[in-house]
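A short write-up of the structure that comes next.
None of the figures in this text is laboratory data; all of them are computed from the coordinates on show. Worth saying up front: this structure is predicted, and the values here are computed from it rather than measured. Ideal geometry is used to build each Cβ from the backbone, glycine not excepted, and the neighbour counts take in all protein chains shown.
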Amino acid sequence: MHELQRRLQQLMDAARSAAPGATSFRALDRYGRQNNVGLAGATVKGWLQGSVPKDGAALFKLVQYLEPKAQKAGTWQRLPEGGWQALYRQAQQGKTGGAPAPKPNPIRTALPATRDNDEPSGEPTCARPGDVEKAQRILSAFPPDAPWFTAFEHQTSFHRMRDSVQDPLYAGQNALARNYKVRFLDADLQRQSEKFHDTVNAFLHSLDQMDADGVSGYSEIPIEWRRSFPDEYARLRNKLSEQRDALIAEYGVLINMFNERDISLVLGDS
């Protein structure tokens, strides 16, 4: 179901960039319960990870819910009439006829095998005004004293995370998405900002697999996984820890590049 999964991931990403609160898996849980639709967060996660929807009506209801929000982002273009139905039929046929399509990876790996090619291509110079403005927008979204940065430095492994720590990350992700089309003139800054953007997306994509009860102020890997799916529990915990380390590393590289180009870390109106 490669194409259905790819399109659904694109739709989800576009909707989330415009309305993060209304498109979280927790929000989809609430929407499903309120409308008696099979749209539990875990179900939607499964679709995004490659499982074929059992209920086409639930899939189409999800699309109907997400598309108005995705269009506000300005990056989503509706499929032709009957397009989702055709993708669903193709997915069903692939499920029953031959080997399943390989799962695509919508997010690039955060850290490459080597960082030798990450060195600046030449002697850094003071940044041009347009690059300073873009850098300031990134700094406004991800300031060095942000709560996530402090929490990450002291959290050895991930099995739970405070909402007060993760919420600024989602807000920053949305700011990066709005800022993404404006490219740095400096090729090295552009390359590193893209890598940082990828690490943020990868970490939050994995974080969405956590559950939250809306009361405790935490999101955590489902407790029942410890007994029923211990390997999956350990896999997600380790993956989040690795992606946390990647995010800190790429953020540090980007901040140092700003410093090398004499871009002030003092935030102004941006």
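Side notes on the structure shown:
- Highest to lowest packing among 128-134, 33-39, 21-27, scored as the average C-beta count within 10 Å: 21-27, 128-134, 33-39
- Distance between the 7 Å Cα→Cβ label points at Glu3 and Ser216: 4.3 nm.
- Placing +1 on each Lys and Arg Cβ and -1 on each Asp and Glu Cβ, with no other charges, gives the range 159-239 a dipole about its Cα centre of roughly 200 debye.
- Links that overshoot a 22 Å alpha carbon limit, given the list Lys134/Lys195; Lys45/Lys134; Lys195/Lys239: Lys45/Lys134
- With the charge dipole of the range 2-96 set up from +1 on Lys and Arg Cβ and -1 on Asp and Glu Cβ about the Cα centre, the Cα lying farthest toward the positive end among the listed residues Gln77, Gln10, Phe25 is that of Phe25.
- Chymotrypsin sites (Phe, Trp or Tyr not before Pro) within the range 178-249: DSSP coil, no more than 14 neighbouring Cβ in 10 Å: Tyr180
- Charging the Cβ of each Asp and Glu at -1 and of each Lys and Arg at +1, and nothing else, the dipole of the range 1-88 about its Cα centre rounds to 240 debye.
- Under a model in which nothing but the beta-carbon of Lys, Arg (+1) and Asp, Glu (-1) is charged, the range 121-260 shows a dipole of about 180 debye around its Cα centre.
- For the listed peptides 139-148, 242-251, a ranking on the average number of other beta carbons within 10 Å per residue, highest first, reads 242-251, 139-148.
- Estimated inter-spin distance, Gln85 and Val182, nm [label 7 Å along Cα→Cβ]: 4.3
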